[in-house]
Amino acid sequence: MRPWRKKPTRFTASVTLAVVIPALIVAALYLTSDIPVPILLVVIYLPLQLIASGIAAWATKGTRGIADSVIIVNAIGASLFSVIVLVSVIGSLIVRGLRALSPHFLFQNSVYISPSTPLDYGGIGHSLVGTLLIVFIASLISVPIGIATAVYITEVRGRAVPYVRFFVQAMSGVPSVVAGLFILTIVVATGAFNQSAFAGGLAYAILMLPTVARTAEEVLKLVPDDLRTGALALGSTRARTVLRVVIPAARTGIITAVILGVARVIGETAPLLLAAGNNDQTVVNPFGSPISSVPTYIFNNVALPYPDAVTRAWGSALVLIILVAILFTLARVIGRGRVGR
Amino acid sequence: MSTAEFEDVMDLDIEGVEASTVHPVGPAEMEARDVSVWFGQRKVLEGVNIVFPKKTVTALIGPSGCGKSTFIRTLNRLHELIPGAALAGSVLYEGKDIYDAAVDPVSIRLQIGMVFQKPNPFPSMTIRGNVLSGLKLSGMKRDNHDDIVEETLTAAGLWNEVKDRLGNAAGDLSGGQQQRLVIARALAVQPHVLLMDEPCSALDPASTLKIEETIRELSKEVTIIIVTHNMQQAVRVSDYTAFFLAEEGTPGHVVEQGATTEIFGNPQEQRTLDYVNGRFG
Amino acid sequence: MQLRDLQSAATSHRGDRVFTRTVAGAAFTSLVVLAGIAIFLGLQAIPAFQTQGWSFLTSTGWDINTTPPTVGIFGMLYGSVLLSVIGLVIAVPAALLLAIFMVFLSPPRLAKVLTNLIDLMAAIPSVILGLWAFYILNPTAEEWQILLNKYLGWIPIFENTSGNFLGTPFIAGFVLAIMMIPIITAVAREVLSRTPPDLINASEALGCSLWTMLRYVALPYGRGGIVGGVMLGLGRALGETIAVFFVLKIVFETNWDKIIESGGGSVATLIVSRFGEVSGPLELQLLLAAGFFLFVMTLVVNVIANLIVSRTGRLQK
């Protein structure tokens with residue numbers, strides 16, 4: 001797939017020159033003049049780099065190489081751009097959020113805390129509880145339904161399978177704010193429940209279901225058919241085959257599906273703003289009252305004109321990304337473990 | 001066979017099967033009458049008539065692709081699970097047609113067990129769990145699970161090798177051991193007939209011999225029908241043999257059947273003679 | 001010859017019938033939910049039209065103090081599209097270049113590292129991106145936009161009359177681009193890596209350059225899939241709420257093309273920004289009506305995207 005990477009030494013030498021010379025020129029300009037950085041980068045460095053690479057390419061491959069060099073420079077640029085953005089995001093989380101982290105930050109709530117309260121007091125304990133509660137409720141709803149959907153597609157194989165897959169796909173495109181709005185309409189407007197962890201869990205379940213169903217489907221498909229045939233040959237019904245043989249055989253994959261589903265929703269803010277509201281207290285009853293969550297906490301503290309509040313926002317963002325990272329790592333570790341066993 | 005047992009066979013309760021407490025129920029007689037098989041529009045078997053006497057081993061031989069595996073799957077109603085499958089004729093078990101509308105295919109498979117070419121123990125269960133899995137999956141109730149595990153693994157010739165590690169994962173066993181485990185699993189639900197579809201073709205010679213020994217022992221209790229590519233195996237193991245053939249473009253059919261000694265020693269048909277002498281297939 | 005009836009016996013097992021029906025019922029939950037959303041929100045749209053008429057969709061403004069309220073979401077609808085387009089202009093070339101790099105240029109280990117990086121980007125919750133954009137991107141982008149305006153301000157889209165370069169559609173579009181890049185890159189990479197190796201080897205044997213191969217072999221082959229991936233990214237961007245909310249200054253006027261001028265809107269941010277101060281059930285209903293149109297918009301884009309992706313998948317087989 002990569003025949004364009006052959007490298008004779010003359011090529012390497014020209015490439016090195018082509019990279020080093022524009023960089024040196026720009027560095028010199030940066031130090032000696034006060035041309036603004038954006039201009040330096042876009043107007044001076046980029047064209048210089050393109051020209052230098054073009055010359056290097058022309059020298060080694062003739063005119064054919066020029067177009068290629070443009071692509072290569074830009075492709076590397078795009079990759080660098082992504083790396084820079086990622087490093088900036090993660091880096092800012094650590095640099096600005098680490099200060100807020102402490103044991104009490106993780107366990108206390110915000111009942112007596114105002115935005116100007118210093119960092120020694122208060123925390124996101126109530127938000128963590130809220131997130132856990134909401135995610136738990138969402139899993140209780142979406143995991144059985146998601147697995148059942150996958151079972152319908154791979155085991156029952158009814159005539160409606162293409163339609164089911166279509167609807168699951170369509171559901172994965174529902175914006176999170178719409179999911180929150182929908183649950184709000186049903187739940188609050190009909191007076192059934194107020195903003196609550198339960199309502200938030202329902203909204204999250206809508207967002208989780210497609211991920212769980214799709215991943216579970218892939219995992220069930222991997223279970224070898226001779227296991228099913230073997231079970232049937234022993235006098236098993238279809239139902240027992242699925243419940244006692246196929247799903248246990250796909251156990252690790254299904255757990256991975258659930259973890260990925262949770263990781264997908266755990267940072268969603270809009271649905272909770274609408275369906276779960278906010279609360280400074282630690283709430284344990286899923287039906288009773290509005291409840292905080294980590295994304296909601298961040299949302300409420302972001303734009304406050306108090307530096308401590310903002311630091312708290314960064315801190316909770318850091319906690320959130322750590323949670324997401326743990327989930328993805330868990331999924332990888334479990335998935336790599338006993339596949340299909 | 002007593003009336004009670006006969007009624008048991010044809011009218012099994014979905015919830016569970018009460019096994020006889022006296023003695024494992026003996027082997028049964030099966031017969032295929034004029035069985036023709038289709039996959040969609042394509043006819044793959046034509047007019048198969050074979051009798052399988054009690055407590056015997058019958059080998060089904062023939063070149064690949066002539067429908068032996070398809071045929072054997074009609075004997076325990078696994079064939080119909082394939083989309084587009086169709087069948088004509090009847091398959092008699094103890095004189096009654098298993099394709100009768102009143103018969104529950106799930107329960108029939110308790111009476112007529114099957115072992116496949118590729119060993120397929122359940123990976124999520126232990127060795128002991130696998131042996132007992134048939135009971136769990138079919139809802140059959142039997143007492144003394146420990147005895148069952150020991151008896152079936154002994155009958156399958158595997159007990160001594162695994163008796164100290166029944167709690168290990170089934171996937172840790174070698175191919176030959178897995179296949180014997182699968183045989184023990186099939187035996188645990190006390191079938192009267194055991195179908196075997198090329199059970200040794202994926203195994204090494206040592207395991208093959210072990211399983212052939214097992215087959216000879218088992219046939220004292222259970223009627224065995226075995227599909228095999230290996231003619232020496234057929235000679236070693238079977239009492240009766242049926243030779244299947246599918247000539248170009250025509251569905252498979254039985255060319256000749258009879259006592260194994262006759263089929264191999266003194267075949268009546270030229271095609272049989274050619275096949276057993278290795279001239280084709 | 002009488003064929004045996006296999007079907008009625010095979011499925012007649014009582015336990016299996018119950019099982020099949022239960023599982024099928026659960027499987028249709030997604031349909032029920034989608035229909036539910038369409039119906040519940042759609043029911044809210046009707047009164048909105050009754051009181052507002054078509055101006056709900058064609059005008060821009062949010063004055064709830066008049067009776068009936070004069071409300072129009074055109075500016076928001078336009079804004080959703082504008083922001084997404086800005087995002088696409090940035091994201092599509094970047095994603096394509098990334099995909100080309102990963103598939104055709106980079107050493108395998110580097111490609112793997114980049115893949116993990118892109119997945120990491122995809123996993124970042126939008127609230128965190130919004131936080132980062134508000135405190136880090138916004139000020140940085142201000143400098144870039146000022147320069148853009150200084151030297152290229154004669155082009156209409158780079159005009160800025162207010163002197164305010166914070167909270168512009170450009171910045172919001174940029175954040176959307178960061179969200180779209182992982183999606184589009186993943187699809188493009190998948191599609192490009194399926195280019196038949198024979199075609200690639202043949203072009204190399206013929207002495208083609210990378211660019212020629214891309215232009216005549218890989219990109220045409222992967223065109224359908226890439227378009228599908230772009231539309232998936234578009235669907236994501238249209239529905240994005242929080243990150244845009246943090247970054248964009250919401251004004252109830254249609255910002256047609258002043259992308260580096262402060263002010264803009266999108267339907268999703270409209271809902272979230274008005275939700276906290278909803279004055280009563282009437283205003284809530286109008287917000288729900290807006291939500292209905294957002295739902296329809298994203299549904300249409302997503303359905304088309306999936307059709308394209310699945311159809312070209314089949315063609316390529």
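The values are calculated or read from the model by the stated rules, or taken from the named source; none is laboratory data. Keep in mind that this is a model prediction, so the values were computed, not measured. As a convention, Cβ positions derive from the backbone with ideal geometry for all residues, glycine included, and neighbour counts pool all protein chains shown.
Numbers at a glance
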read-out: Residue among B:Pro83, B:Pro123 that is within 20 Å of B:Gly176 (Cα to Cα), over 16 Å from the mean Cα position of the chain (by Cα) and not charged (D, E, K, R); value: B:Pro123
read-out: Residues satisfying the stated conditions in segment B:126-138, i.e. facing another protein chain (nearest Cβ under 8 Å), crowded, with 21+ Cβ neighbours inside 10 Å and either hydrophobic (A, V, I, L, M, F, W, C) or more than 19 Å from the chain's Cα centre (by Cα) (or both); value: B:Leu137
read-out: Residue among A:Gly125, A:Gly191, A:Gly180, A:Gly158 that is buried (at least 24 other Cβ atoms within 10 Å of the Cβ) and not basic (Lys, Arg); value: A:Gly180
read-out: Unmet criterion (only one of (1) surrounded by 24 or more Cβ atoms within 10 Å (Cβ to Cβ); (2) over 30 Å from B:Ile82 (Cα atoms); (3) facing another protein chain (nearest Cβ under 10 Å); (4) modelled with pLDDT of 90 or more) for A:Gly200; value: (3)
read-out: Among (1) of a type in the set (Gly, Ala, Ser); (2) within 30 Å of B:Gly134 (Cβ to Cβ); (3) within 28 Å of the chain's Cα centre (by Cα) - the single one A:Ala233 does not satisfy; value: (3)
read-out: Residues (aliphatic (A, V, I, L, M), touching a helix residue (DSSP H, G or I) at 6+ places or on another chain (Cβ under 9 Å) and either within 26 Å of B:Thr228 (Cα to Cα) or surrounded by 24 or more Cβ atoms within 10 Å (Cβ to Cβ) (or both)) located in segment B:92-111; value: B:Ile98, B:Val106, B:Ile108, B:Leu110
read-out: Some residue of segment B:117-127 being free of Cβ contacts under 8 Å to residues at least 24 places away in the same chain and not in a loop (DSSP other than H, G, I, E, B); value: no
read-out: Given (1) within 16 Å of C:Ser84 (Cβ to Cβ); (2) more than 10 Å from chain A (Cβ to nearest Cβ), number of the condition C:Ile181 does not satisfy; value: (2)
read-out: Residue identified as of a type in the set (S, T, N, Q), in contact (Cβ under 8 Å) with a residue 12 or more places away in the chain and away from chain C (no Cβ under 13 Å) among A:Ser293, A:Ser289; value: A:Ser289
read-out: Of all residues making up segment C:91-125, the number that are outside any helix (DSSP H, G or I) and either surrounded by fewer than 20 Cβ atoms within 10 Å (Cβ to Cβ) or within 7 Å of chain A (Cβ to nearest Cβ) (or both); value: 3
read-out: Residue in segment B:192-199 that is over 15 Å from the mean Cα position of the chain (by Cα) and either over 26 Å from B:Val57 (Cα atoms) or part of a loop (DSSP other than H, G, I, E, B) (or both) present; value: no
read-out: Criterion: within 28 Å of B:Ile98 (Cα to Cα) and among the hydroxyl-bearing types (Ser, Thr, Tyr) - qualifying residue of B:Ser174, B:Ser133, B:Ser201, B:Ser124; value: B:Ser133
read-out: Verdict on B:Leu245 being closer than 24 Å to B:Gly265 by Cβ and free of Cβ contacts under 8 Å to residues at least 24 places away in the same chain; value: no
read-out: Residue under evaluation A:Val242, criteria (1) among the β-branched types (Val, Ile, Thr); (2) closer than 28 Å to A:Ser172 by Cα; (3) at the interface with chain C (Cβ under 10 Å from one of its Cβ atoms); (4) under 21 Å from the mean Cα position of the chain (by Cα), criterion not met; value: (4)
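Residues are listed down the side, and each one gets a yes or a no for (1) surrounded by 15 or more Cβ atoms within 10 Å (Cβ to Cβ); (2) facing chain C (nearest Cβ under 9 Å); (3) under 37 Å from the mean Cα position of the chain (by Cα):
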{"position": "A:Val43", "(1), (2), (3)": "no, yes, yes"}
{"position": "A:Gln49", "(1), (2), (3)": "yes, no, yes"}
{"position": "A:Ala52", "(1), (2), (3)": "yes, no, no"}
{"position": "A:Ile55", "(1), (2), (3)": "yes, no, no"}
{"position": "A:Gly65", "(1), (2), (3)": "yes, yes, no"}
{"position": "A:Asn74", "(1), (2), (3)": "yes, yes, yes"}
{"position": "A:Ala78", "(1), (2), (3)": "yes, yes, yes"}
{"position": "A:Leu86", "(1), (2), (3)": "yes, yes, yes"}
{"position": "A:Ile90", "(1), (2), (3)": "yes, yes, yes"}
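Let's see how each residue does on (1) more than 13 Å from every other protein chain (Cβ to nearest Cβ); (2) touching a residue at least 24 places away in the same chain (Cβ under 8 Å); (3) over 22 Å from A:Val187 (Cβ atoms); (4) in contact with a strand residue (DSSP E or B) (Cβ under 7 Å, 6 or more places away or on another chain):
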{"site": "A:Ser236", "(1), (2), (3), (4)": "no, no, yes, no"}
{"site": "A:Ala249", "(1), (2), (3), (4)": "no, yes, yes, no"}
{"site": "A:Ile254", "(1), (2), (3), (4)": "no, yes, yes, no"}
{"site": "A:Ala257", "(1), (2), (3), (4)": "yes, yes, yes, no"}
{"site": "A:Ala263", "(1), (2), (3), (4)": "no, yes, yes, no"}
{"site": "A:Val284", "(1), (2), (3), (4)": "yes, yes, no, no"}
